[in-house]
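The values are calculated or read from the model by the stated rules, or taken from the named source; none is laboratory data. None of these values were measured; they are calculated from a predicted model. Counting neighbours? That spans all protein chains shown, and the Cβs are built from the backbone with ideal geometry, glycine included. For the accessible areas, the whole protein counts, side chains as well, though only heavy atoms, and no ligand, DNA or RNA atoms are used. Shrake-Rupley method; radii C 1.70, N 1.55, O 1.52, S 1.80 Å.
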Amino acid sequence: MPRTASLLPALTALLLLTACGAPAVRPPATGVPGDGVRITSVTVPSARPGPGSDGLGAPAGPLPTGDSGVSAAYEVTNAGTEALAYTILFDFTTDGGQVMANTRETVRSVAPGATVRGTVRLGRDTPGASGVTRVKVSRVTKVPAAEAPLTAGECPPSGIRVTADDGDAAMGLRVVGLHLENCGKRDYALDGYPLLELLDTNRSPVQGVRIVQGSGGITTGTGFDEPARPVVLKPGESALSGLMWRNTTGSGDAVDVPYVRVRAVPGADPVVVTPHLDLGTTGLLAVRAWTRPSASGYPGKE
């Protein structure tokens, strides 16, 4: 991964590049304290570079068609005692702090005491991209590397890949899908509900939340009350489950659950997903039985 340039060449390049209208390096926005992630420099073109231009932190030559040219160098430092996988949400903002776009980056494994460097790019021009002058770290989640969800095309030794989607929300009702893919070479049998462990920001168990199988009376017509049935997945097939809750608030303290440890079946290897359950004060989380995808491909939307 690219390393940050030393200070003197960077300052020299900044003066020269700004004068000729090429990408300029600007001061980074401050990241979230204590998350182990910081932005070391931001490159914002004051004008679209032409053929032969060479900007600090940007490739020589013209940018790809439609590319904004905005990027930020960052580094991730693991001060813990175990290897961690980081998912970082970067906000691309104006000088006034208005968020114009965001990008999610995953750093797969950072060893204890290690620092990993990378670059995040805004990519294609979006409405308002010309007003972007800063990049900041908006949110960081970090899970044990051995329990991190794998991306499409990767398959763990268990042959089962479990992930969570970005979910759906309407009138205080929240639904997040859990996706299980048999990426292995053998049939995989399911009969029941995923096993869940709710974790706080320190990945310690969250107390005071009741997990119910089915809808738990939260709402009807979602498919969550369908009984569990045996499902056998052949290699390449998938199954769905789901989490559902309301983020309404009343008396008492609101509960946020940033991490959920999921086991597909008893004894399965755990996977930690990050749906960020804003449970309000309801103290109730519903889980749906494993099922084959519906026509919509999403649990709770038949």
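Quick check, is Val162 in contact (Cβ under 8 Å) with a residue 60 or more places away in the chain, farther than 24 Å from Glu105 by Cα and among the β-branched types (Val, Ile, Thr)? Considered against the rule, which asks whether it is in contact (Cβ under 8 Å) with a residue 60 or more places away in the chain, farther than 24 Å from Glu105 by Cα and among the β-branched types (Val, Ile, Thr), Val162 comes out as no. For the range 96-108, state whether one or more residues are in contact with a helix residue (DSSP H, G or I) (Cβ under 8 Å, 6 or more places away or on another chain) and either within 14 Å of Gly36 (Cα to Cα) or small (Gly, Ala, Ser) (or both). Yes: the range 96-108 contains one or more residues that are in contact with a helix residue (DSSP H, G or I) (Cβ under 8 Å, 6 or more places away or on another chain) and either within 14 Å of Gly36 (Cα to Cα) or small (Gly, Ala, Ser) (or both).
Looking only at residues in the range 209-227 that are part of a loop (DSSP other than H, G, I, E, B) and under 21 Å from Thr163 (Cβ atoms), the one that is modelled with the lowest pLDDT is Thr222.
With a cut-off of at least 3 residues that are at pLDDT below 95 and of a type outside the set (Gly, Ala, Ser), name the strands (runs of 3 or more DSSP E) lying wholly within the range 156-201.
Output list reads 173-182.
Close contacts from the range 181-194, counting a first residue that is within 11 Å of Thr291 (Cβ to Cβ) and a second that is assigned to a strand (DSSP E or B), with Cβ to Cβ under 6 Å and a gap of 6+ residues or different chains, come to Leu190/Val231; Leu190/Ala239; Leu190/Trp290; Tyr193/Gln213; Tyr193/Val287; Tyr193/Ala289.
Of the residues that sit in the range 140-155 and are open to solvent by 40 Å² or more (accessible area, probe 1.4 Å) and among the aliphatic types (A, V, I, L, M), which one is modelled with the lowest pLDDT? Checking each candidate, the answer is Ala152.
Scanning the range 177-199 for residues that are among the hydrophobic types (A, V, I, L, M, F, W, C) and closer than 16 Å to Gly214 by Cβ returns Leu178, Leu195, Leu196. Among the residues of the range 184-212, the ones that are open to solvent by 40 Å² or more (accessible area, probe 1.4 Å) and within 29 Å of Pro235 (Cβ to Cβ) come to 9 in all. Pairs please, first residue from the range 251-278 and over 16 Å from Leu190 (Cα atoms) and open to solvent by 80 Å² or more (accessible area, probe 1.4 Å), second anywhere and in a loop (DSSP other than H, G, I, E, B) and of a type in the set (S, T, N, Q), Cβ atoms under 8 Å, 6+ apart in sequence or on different chains. Every condition considered, the pairs that remain are Ser251/Thr281; Asp253/Thr281. Filtering Ser241, Ser215 for residues that are among the small types (Gly, Ala, Ser), over 16 Å from Leu173 (Cβ atoms) and open to solvent by less than 20 Å² (accessible area, probe 1.4 Å) leaves a single hit, Ser241.
Looking only at the range 156-178, residues that are within 15 Å of the chain's Cα centre (by Cα) and open to solvent by 50 Å² or more (accessible area, probe 1.4 Å) come to 1 in all. Under 9 Å between Cβ atoms, at least 6 apart or on separate chains: pull out the pairs that start in the range 68-84 with a residue that is assigned to a strand (DSSP E or B) and end on any residue that is aromatic (Phe, Trp, Tyr) and open to solvent by less than 10 Å² (accessible area, probe 1.4 Å). Hits for this filter: Ala72/Phe90; Ala72/Phe92; Tyr74/Phe90; Val76/Tyr86.
Inside the range 88-112, residues that are open to solvent by 40 Å² or more (accessible area, probe 1.4 Å), of a type outside the set (D, E, K, R) and in a strand (DSSP E or B) make up a count of 5.
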